[in-house]
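FYI, it's all coordinate maths here, none of it is from the lab. What you see is a predicted model; the values in this text were computed from it and never measured. Cβ placement follows ideal geometry from the backbone for every residue including glycine, while neighbour counts extend to all protein chains displayed.
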Amino acid sequence: MLRRATATIRVDDRLVLRPATSEYGPEMMEAFEETWPEVSRAMPWINPDRPIDSQIVDFLTETERMGRTGMLHHWLMIRPWDGTLLGLVGFDRVTRSGKAIWNLGYWVRSSEQQHGLARRAIDASLLWLGEAEELCVELKVDPHNHAGRSTVMRAVRDWGGERCVDGDSAITVAGVRTLHQCHTIVVGPDRGPSKNS
């Protein structure tokens, strides 16, 4: 697996993905609070009994450090004309399938949902990840999260992915344990949504 630093991705005139850094702490906190408690599905490690702002700052600091070394890749979804933070998309190394190297996760703040941001950010980040080499990515989804399931299934269909039962895993969110379904997508230089459809 090649390692490279997380870089800015210009998706289109309406969306830029910027590497997640601690300088975005206040904006991330604002978006997080707007989307609470739904955002806990994307960030199940958040402990609601501890100050959330310090957990967000710690997350961004660690993500920035790991992004520089290519060990994690997280981007903030930014509206370019006013700098508004719209959400987060990224890859970590917490996989269960035995096939994937990366796990994809995302969330979009409540006021910006249903505008195709997740779809565009997922496609752009998968294309970026696969620029240099072919590799497998996991996408896990709570089957009861209908919007999230729709987004994941669209990506799986468009990228020629598949269901991977071996990667299913129980995830605890807000004290409730739910079996999340795993899907895998192979990315690479000759792969992408237009090349698989």
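Using C-alpha positions alone, give me the convex hull volume of region 9-196 per residue in cubic angstrom. Kindly include the intermediate steps, with their values, before the conclusion.
Details: hull volume 20.9 nm³, N = 188.
Looking at region 9-196, the number lands at 111 Å³ per residue.
How much length is gained if the chain between residue 34 and residue 54 is pulled fully straight, taking 0.36 nm per residue apart and subtracting their Cα-Cα distance, in nm to one decimal? Walk me through the intermediate numbers first.
Numbers: separation 20, 0.36 × 20 = 7.20 nm, distance 1.69 nm.
Answer, rounded to one decimal: 5.5 nm.
Taking only C-alpha pairs under 8 Å that are 6+ residues apart, what is the relative contact order of the chain in percent?
Result for the chain is 20 percent.
Label point 7 Å out from residue 96 along Cα-to-Cβ: which residues of region 155-191 have amide N under 18 Å?
162-185
Given the peptides 8-17, 49-58, arrange them by the average over their residues of other C-beta atoms within 10 Å, most packed first.
8-17, 49-58
Kyte-Doolittle mean at least -0.5 and Cα extent at least 20 Å along the axis: which DSSP H helices of the chain qualify?
Span-like helices, by this rule, are 52-69.
How large is the charge dipole for the chain, taken about the Cα centre, if only the Cβ atoms of Lys, Arg (+1) and Asp, Glu (-1) carry charge, to the nearest 20 debye? Intermediate values should be presented prior to the final figure.
On the way: 24 positive and 27 negative charges, 112 e Å.
So the magnitude is around 540 debye.
Take the alpha carbon atoms of region 127-197, find their center, do the same for region 82-113, and report the distance between the two centers in whole angstrom.
After rounding, the separation between the Cα centres reads 11 Å.
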